[in-house]
Amino acid sequence: MPIIKTQNLTKIYKDHSVEVHALNGVSLEIEKGEFTAIVGPSGSGKTTLLNIIGGLDNPTEGQVTIGDVDISNLSDNQLIDFRLHNIGFVFQAYNLIPVLSAKENVEFIMLMQNRPKAEMDERAEALLKAVGLEDQMHKRPREMSGGQQQRVAVARALASKPKFVLADEPTANLDSKTALNLLDIMATLNKEEGITFIFSTHDQKVIDRARRIVTLEDGVIVSDVQQDV
Amino acid sequence: MLTLIKIAWRNIWRNTLRSSLVILSMVIGIAAGILFLGIAYGINNKRMEASIYSYLSHVQIHNKEFGERMETKYYIPNFESVEAQLKQIPEVKAYAPRYVFNGGIRSPRAGQGIIIKAIDIGADSLVSNLKDLLIEGTYLDKKRTAPIIIGEKLAKKLQVKIGKKVTVNYLSDGVEVASSFKVAGIFRSSALGMEERTAFMRRDDFEAQTGVSGQAHEIAIIATSLPAVNVIKEKIVAPGSVVESWTDLAPELELMDVMMDKIIFIIMGIILLALSFGIVNTMLMVILERTRELGMLMSVGMNKMKIFLLVLFETVMLSAIGGPIGMLFSSLMINYLHKTGIDLSSVGEGLKTFGIGSTIYPKLLEGDLLRIGLMVICIGILSAIYPAIKALKLKPAEAVRAI
């Protein structure tokens, strides 16, 4: 059973009287443990597809099923709760809470899930260790490099034990070396812990590491290929 | 919840200068408001005291029939028994029996109908501030022959000065009495009609002229405190007499007191409202600056209530820092000024006309700071609502990419 299933997704944005078709009948299935890149030129609909899969936006038509839940039918509050417990997010601009330390940023998600303090402590430390930041735990984002911040963001995304992680252009703000390092970490987490990653990207380094590449153009899937890494 | 409070607290200090300016404006606004409140209470207190000590006193006792006719035949029934009671009531600080009656006063140049109060020099100085109201001459004493004190306006009308003779005539039990007096003192008072229509003479002189003795038309009582006024009123048993408190005699004075209280708090509310616009503006800037952060929080699953609380805590904290500092600062100022007084001698003449005197002693009433504290918290909460609504209206998918 696929972890994510989209059926005939259509998204139309209205800009005054002009209609923009961001997605045109996208149907896609993603299995648990995949390391998938959604690629395509700017305006192809990558981000829109990720937003809809992540429950941040509603489709104009079509259905998104995560596990056995049709999220298209959830209310705003149900969606917020669903996101908290099922989806991890990594953003292009890291988007950490600047007034919290790396560890507190990771713990924050678990705090919203009302996890016990001891579990939060243990998991935050383990995750930061997994992304190579065990010695940076008490630093605040402004004291860290962009790469380090993005690794904290990956740890934060995993903190809630999500079904999958959505990463929107995660390497766009990073230099090549840092980007490769981040990809290595995510690939290891995928391989060793079976965490499902879905990226939107047009960074060739990410595309090269992905095991499945879904290409979008003008809101339509034009290719969907598997590759050996 | 604790984490939200921690984030809100740290958020405040992300822009130290901006937050400090907001807090400083709160401190100055609240301190100025409370200081104004203290001064206004000080003036009001003086004004009330002036009215009570110049003509009202806290409690007055009269014969039921005395009313506005003020005929000399209406003495307080069983005066000695009433006086004996007053000596036994601990809430009575001082009392003074008076003869009060209508009469006429005449100088060689003019005449005027007046109210004459024949007072016990010793006792009356404890319940009246007549001595302080004198602008010329001296208070009544035992040595002089038939001294009289009149108001400045009456003196002008009669065209008399200190030491000049006037004739006072009145009816005592139907018999006309006419006597000569020497103007010993001239007073000034803002109390309505007092300067034009009131004269003070010695009680002994009245008794000597009329043969009346050991009676009174009026007993003026000063209580140990304002709450004691009603206690005194309830304790006095005086059949055939009316016992009236200052609020019965001058309800407008109490009304003004209540109105003053309300007006002062309306002004305080306006000051806080003006400050709240500053807070709202600051918080709107904060929301604008942190759109991406808020978008992230919404994306990862922070619910609307927590977003609202985050904005609320930050706003309330700004008020909660500025409010107490402003309140503490103003309280210290008021305490200090209550001891030293504020010398307003430059406008002292004007104030004296209102019977207030040129030194004001600011004060706060019990519970004022608590009320203001609650107002500050309410303003903090109200200031959070609009920015919080703005934050809640953000769409996470768009907000998270905001520049």
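The values are calculated or read from the model by the stated rules, or taken from the named source; none is laboratory data. Keep in mind that this is a model prediction, so the values were computed, not measured. Cβ atoms come from the backbone with ideal geometry, glycine included; neighbour counts cover every protein chain shown. For accessibility, only protein heavy atoms count, side chains too; no ligands or nucleic acids. Shrake-Rupley method; radii C 1.70, N 1.55, O 1.52, S 1.80 Å.
A few notes on this one:
- Its DSSP H runs of at least 4 residues, each contributing -39,500 (n - 2.57), put the calculated 222 nm mean residue ellipticity of the protein assembly as shown at -15000 deg cm²/dmol, to the nearest 500.
- Straight-distance crosslink candidates among lysines, where the alpha carbon sits under 26 Å from B:K390 and sequence neighbours closer than 8 are dropped: A:K11, A:K14, B:K6, B:K304, B:K306
- Stokes-Einstein diffusion for the protein assembly as shown, with the hydrodynamic radius set to the Kirkwood value over Cα pairs and evaluated at 4 °C in a medium of 1.567 mPa s, equals 41 µm²/s.
- Nearest-0.05 FRET efficiency for A:K117 and A:D184, computed from C-beta distance (R0 45 Å): 0.90
- The residues of the range A:4-226 expose on average 42 square angstrom of accessible surface per residue, using a 1.4 Å probe on protein heavy atoms.
- Sum of side-chain charges, A:G147 neighbourhood, beta-carbon under 11 Å (Lys, Arg +1; Asp, Glu -1): +1
- Label reach from A:S27 (point 7 Å along Cα→C-beta): in the range A:185-229, amide nitrogens under 13 Å belong to A:221.
- Percent of Cα-Cα distances greater than 19 Å, calculated over the range B:65-239: 57 percent
- Cα principal axis extents for the range B:1-156, largest first, Å: 82, 44, 31
- With protein chains left intact and a 1.4 Å probe, residues in chain B average 48 Å² of accessible area per residue.
- Interface residues, the range B:304-330 - accessible area loss of 50 Å² or more versus chain alone, probe 1.4 Å: B:K304
- Annotation for the range B:182-243 versus the range A:201-229: alpha-carbon center distance of 103 Å.
- Between the alpha-carbon centres of the range A:21-76 and the range B:248-267 there is a gap of 67 Å.
- Net +/- balance of residues flanking B:M48 in space, Cβ distance below 13 Å, scoring K and R +1, D and E -1: -2
- Cα-based Lys proximity count in the range B:136-243, under 30 Å, for pairs eight or more positions apart or on separate chains: 26
- Inter-part distance where the range B:73-126 and the range B:295-324 are each reduced to a Cα centre, Å: 67 Å
- Dipole moment magnitude, nearest 20 debye, the range B:65-239 about Cα centre, only Lys, Arg, Asp, Glu C-beta charged: 820 debye
- Heavy-atom accessible surface of the protein assembly as shown: percent carbon and sulfur, 1.4 Å: 56 percent
- Placing a label point 7 Å from the Cα of B:L126 along the Cα-to-Cβ line, the residues of the range B:215-243 whose backbone N sits under 20 Å from it are B:215-237.
- Counting charges near B:L392 (Lys, Arg +1; Asp, Glu -1) among other residues having Cβ under 15 Å from its Cβ returns a value of +2.
- Protein heavy-atom accessible area occluded, B/A pair - total, 1.4 Å probe, Å²: 2100 Å²
- Remark on the range A:10-162: hydrodynamic radius 17.2 angstrom, per the Kirkwood mean of 1/r across alpha carbon pairs.
- Choice from B:E218, B:E366, B:E91 showing the highest fluctuation, given a GNM over chain B with Cα pairs closer than 10 Å: B:E366
- Candidate aspartates and glutamates for bridging to B:K395, where Cα separation is under 17 Å - those fewer than 8 sequence places away on the same chain excluded: A:D15, A:D57, A:D76, A:D81, A:D168, B:E289, B:E293
- Ellipsoid semi-axes in whole angstrom, largest first, where each is sqrt(5λ) of the Cα gyration tensor of chain B: 64, 22, 15
- GNM top mover of B:I342, B:I116, B:I34 - chain B, alpha-carbon springs below 10 Å: B:I342
- Residues of the range B:1-41 that bury at least 50 Å² of accessible area when the other protein chains are present, relative to the chain alone (probe 1.4 Å, heavy atoms, ligands and nucleic acids excluded): B:T3, B:I7, B:R10.
- The residue list A:N190, A:Q148, A:Q226 was ranked by how far each Cα lies along the charge dipole of the range A:101-229 toward its positive end, using unit charges on Cβ atoms, and A:Q148 comes out on top.
- Cα-based equivalent ellipsoid of the range A:29-88: semi-axis lengths in Å, sorted from largest, via gyration tensor: 20, 15, 11
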